[in-house]
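**Student:** Please read through the structure below; I'll follow up with questions.
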Amino acid sequence: MVVSARCSGPCAMLALSLLMGYGVVFCVAGQNDTEPIVLEGKCLVVCDSNPSSDGGVTSSLGISVRSAGAKVAFSAVRGTNHEPSDMSNTSMTIYFDQALVNIGNHFDLKASVFQAPRRGIYSFGFHVVKVYNRQTIQVNLMQNDYPVISAFAGDQDVTREAASNGVLLQLEREDRVYLKLERGTLMGGWKYSTFSGFLVFPL
């Protein structure tokens with residue numbers, strides 16, 4: 001097991017003794033606000049005056065042990081132009097039919113909704129293609145049913161056009177993110193459309 005530590009003061013000495021007890025390679029930063037350096041493995045020792053209990057076990061000494069392998073990423077694509085029958089005029093959720101990447105399984109392909117497993121900064125991007133459709137479309141990226149960003153596609157002279165955008169969001173645990181068709185229709189289909197996201201870093 002290889003671990004890393006973020007420590008200062010007496011806590012640093014305790015972390016060092018813990019690490020040496022495991023007989024592993026370690027790295028300790030000198031300041032309390034320095035980011036932890038994860039070298040390898042599945043154990044992260046964080047010494048902090050205000051340790052976060054999110055996703056970890058924290059002792060009374062201020063030592064939080066967390067998983068360093070909690071990676072979160074997804075990328076979904078629309079592989080066909082056929083509109084699924086469950087895309088109703090009520091929800092107008094934009095559905096995808098194939099998950100190219102779903103590390104952590106936090107993207108529900110059937111509902112086409114991502115649910116954050118923990119508090120953190122996440123990156124999202126989308127590319128929604130309209131096909132043989134002269135109507136202007138507006139696509140919203142939704143966070144817990146509230147629009148955060150929008151993208152538009154309205155050129156009437158092309159057979160295919162895309163509404164694209166991207167953003168960084170601070171999410172709380174169990175926050176939901178999905179795409180909604182706010183304006184226009186996708187009756188011609190939206191093949192080759194994509195929706196992707198990943199955890200940049202936890203908070």
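The values are calculated or read from the model by the stated rules, or taken from the named source; none is laboratory data. From a predicted model like this one, the values you see are computed outputs, not experimental measurements. A quick note on method: Cβ atoms are made from the backbone with ideal geometry, for glycine too, and the neighbour counts reach across all protein chains shown. Surface areas here come from the heavy atoms of the whole protein model, side chains and all, with no ligands, DNA or RNA. Shrake-Rupley method; radii C 1.70, N 1.55, O 1.52, S 1.80 Å.
**Student:** Could you state the accessible area per residue of the stretch 73-202 in Å², with a 1.4 Å probe and every protein chain left in place?
**Tutor:** Per-residue value: 50 Å².
**Student:** Another question, then. For the stretch 120-195, which GluC sites (Glu not before Pro) are in a loop by DSSP, counting at most 13 other Cβ atoms within 10 Å?
**Tutor:** Sites meeting the loop and neighbour criteria: E172, E174.
**Student:** Just grab the label-to-label distance for E182 and D155, each label 7 Å out from Cα along the Cβ direction, in nm (one decimal).
**Tutor:** 2.2 nm
**Student:** Using a 1.4 Å probe on the protein heavy atoms, what percent of the accessible area of the stretch 73-202 belongs to carbon and sulfur?
**Tutor:** 49 percent
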